[in-house]
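The values are calculated or read from the model by the stated rules, or taken from the named source; none is laboratory data. These numbers were taken from a predicted model, which means no experiment stands behind them. No Cβ is skipped: glycine too gets one built from the backbone with ideal geometry, and neighbour counts run over all protein chains shown. With ligands, DNA and RNA removed, areas are computed over all heavy atoms of the protein, side chains included. Shrake-Rupley method; radii C 1.70, N 1.55, O 1.52, S 1.80 Å.
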Amino acid sequence: MENSVLSSEFTSSPELVEKLYLNGNKKTYNEGDIILDENSSIRSIPIVMKGMIKVIRTEEDGREILLYYIQAGESCIMSFLGGMHNEKSIVKAEVEEDAEILFLPVDKVSLFIKEYPEWLDYIFRLYHKRFEELLDIINAIAFKKVDERLLNLLIKKTEISQSKTIIITHEQLANELGTARVVVSRLLKQLEDTGKLKLGRNKIILL
């Protein structure tokens, strides 16, 4: 499984796949684990082999905003940029689903950029995808109402997990949206009343 993840990303360079495994350090994490915290040093770049990571930014008032998800075969572009410029992390990366992660030392990231065009292309593709996702976030915060953002977030979670059932608390949803739990609870009840979803204990079922 994990071998096919990198092989499918770098089909034209089996040598690069071999180098990634040779120089990387694989670790296993459980849901809720923090693999990178804000203001921490970035010594290696995470490549998700299995599971899913969510990347969060904390505002000055303590509110958290969900920026994007990192799925199998992907990495964190914020870690790339911070690691290569020897800067502290400006985001937090938390495990959304039990994950296996391959950590590649920062010095190897720079070396592989020079040696393998496929690696540079991989970084550019990630950057493009994350840039579009961040634009969507900015657009949602600036122009969309919280109820619309909430429903869009729930739909995105079901698409990623390929399940209509979402295991999550109202508090967690509020943190990801950067709003209050009481607001999320009220909006979820409204969505349930209109037949868009069904609420359970720490779970939501989209209909």
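Scan the stretch 77-97 for residues that are open to solvent by 10 Å² or more (accessible area, probe 1.4 Å), out of contact with any Lys or Arg (no Cβ under 9 Å at 6 or more places or on another chain) and not polar (S, T, N, Q) and report the count.
Qualifying residue count, the stretch 77-97: 5.
Could you check how many residues of the stretch 98-137 are assigned to a helix (DSSP H, G or I) and either open to solvent by less than 30 Å² (accessible area, probe 1.4 Å) or closer than 29 Å to K156 by Cβ (or both)? Before you say what the answer is, go through the steps one by one.
Here is the first cut: in the stretch 98-137, the ones assigned to a helix (DSSP H, G or I) are 106-115, 117-137.
Now narrow it down to the ones that are either open to solvent by less than 30 Å² (accessible area, probe 1.4 Å) or closer than 29 Å to K156 by Cβ (or both): 106, 109, 112, 118-137.
Here the count works out to 23.
Given the condition farther than 25 Å from L135 by Cα, in a strand (DSSP E or B) and not assigned by the TED database to the domain that holds T158, answer yes or no: does some residue in the stretch 1-13 qualify?
Among the residues of the stretch 1-13, not one is farther than 25 Å from L135 by Cα, in a strand (DSSP E or B) and not assigned by the TED database to the domain that holds T158, which makes the answer no.
Out of (1) part of a strand (DSSP E or B); (2) under 13 Å from the mean Cα position of the chain (by Cα); (3) surrounded by fewer than 20 Cβ atoms within 10 Å (Cβ to Cβ), what's the single condition that is false for T28?
(2)
Which members of the stretch 171-191 meet the condition of being in a helix (DSSP H, G or I) and not hydrophobic (A, V, I, L, M, F, W, C)?
Within the stretch 171-191, E171, Q172, N175, E176, R181, S185, R186, K189, Q190 qualify.
What number goes with the only condition from (1) open to solvent by 40 Å² or more (accessible area, probe 1.4 Å); (2) within 30 Å of Y21 (Cα to Cα); (3) among the basic types (K, R) that K145 does not pass?
Answer for K145: the failing condition is (2).
Just checking, how many residues over the stretch 58-75 are at negative phi, in contact with a helix residue (DSSP H, G or I) (Cβ under 8 Å, 6 or more places away or on another chain) and either among the β-branched types (V, I, T) or part of a loop (DSSP other than H, G, I, E, B) (or both)?
4
Is there any pair linking a residue in the stretch 123-148 that is touching a residue at least 12 places away in the same chain (Cβ under 8 Å) to one that is assigned to a helix (DSSP H, G or I) and open to solvent by 100 Å² or more (accessible area, probe 1.4 Å), with Cβ under 6 Å and at least six apart or on different chains, and which?
So the pair list comes out empty.
Any idea which of I70, I53, I77 is under 13 Å from the mean Cα position of the chain (by Cα) and farther than 19 Å from S161 by Cα? Spell out the reasoning first.
Details: I70 fails: farther than 19 Å from S161 by Cα; I53 fails: farther than 19 Å from S161 by Cα.
Answer to the selection: I77.
Could you go through the stretch 80-88 and let me know if any residue there is among the aromatic types (F, W, Y) and part of a helix (DSSP H, G or I).
Within the stretch 80-88, one or more residues are among the aromatic types (F, W, Y) and part of a helix (DSSP H, G or I).
Could you list all residues from the stretch 162-179 that are free of Cβ contacts under 8 Å to residues at least 12 places away in the same chain and either in the same structural domain as I56 (by the TED database) or surrounded by 14 or more Cβ atoms within 10 Å (Cβ to Cβ) (or both)?
Once the filter is applied, which keeps residues that are free of Cβ contacts under 8 Å to residues at least 12 places away in the same chain and either in the same structural domain as I56 (by the TED database) or surrounded by 14 or more Cβ atoms within 10 Å (Cβ to Cβ) (or both), the stretch 162-179 yields Q172, A174.
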